[in-house]
Amino acid sequence: MSRILDQRILLLVISFSASVQSTKVLSEWKKCGDPECEKAMSRVQATTDYLGPDCRYLNFKTGEEIMVYSKLSRENENLWTGSKGKNFGYFPRDAVKVEEVLIGDEIEVLTKETDFLCLREDKYTFE
C-alpha cells in the first residue's frame, strides 16, 4: 500500500512540475503593433519545420505562412508570437523569413500572465 501511495505522489509531483513549466513567463516585455497586440505586425514564411516543446508553441512545416502579432523583447528576443489558421503560439524567429511587414512602428508593452497559457481552439488551457 505504501508503494502505491509513493508512486501516486511521484506522479502528482511530475504532473505539477510540467504544469509550472508550461505557464512560465518567457519574458516580461513584448513588442507589438498596437497597445493590445491585436494587429498583425507581419506575414512570415517558415524556412524549416518546427515542433515546439509544449502547448504554448506554434508547430509548423517549411513553407507555411504565419501571421506575427508580437515579439518577445529584452530577456528573450528570439521568440515571436503568431498564428497559422486557428493555431496560435510562440516560435523562434530564426525559423521564418519575413515576407511582408504590415506595421513598421513597434511599441513595447508589458506581458501578462495570460500570454503564457496554452491556447487551443479559442480556449485557454489551464494545466
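Restricting to the stretch 107-121, name every residue that is at pLDDT 95 or above and farther than 20 Å from residue 41 by Cα.
Residues satisfying the conditions do not exist here.
On the basis of being surrounded by 12 or more Cβ atoms within 10 Å (Cβ to Cβ) and touching a residue at least 60 places away in the same chain (Cβ under 8 Å), does residue 103 make the cut?
In short, yes.
Here's a check for you: in the stretch 65-79, which residue that is out of contact with any Gly (no Cβ under 9 Å at 6 or more places or on another chain) and not polar (S, T, N, Q) is surrounded by the most Cβ atoms within 10 Å (Cβ to Cβ)? Walk me through how you get there before you give the answer.
So in the stretch 65-79, the residues out of contact with any Gly (no Cβ under 9 Å at 6 or more places or on another chain) come out as 65, 71-79.
After this cut, where a residue has to be not polar (S, T, N, Q) as well, the list is 65, 71-72, 74-75, 77, 79.
Working: 65: 15, 71: 24, 72: 21, 74: 11, 75: 10, 77: 14, 79: 20.
Looking at residues that are out of contact with any Gly (no Cβ under 9 Å at 6 or more places or on another chain) and not polar (S, T, N, Q), I get 71.
The values are calculated or read from the model by the stated rules, or taken from the named source; none is laboratory data. As the structure is a prediction and not an experimental result, all values here were calculated from the model. Glycine gets a Cβ as well: all are built from the backbone with ideal geometry, and neighbour counts include every protein chain shown.
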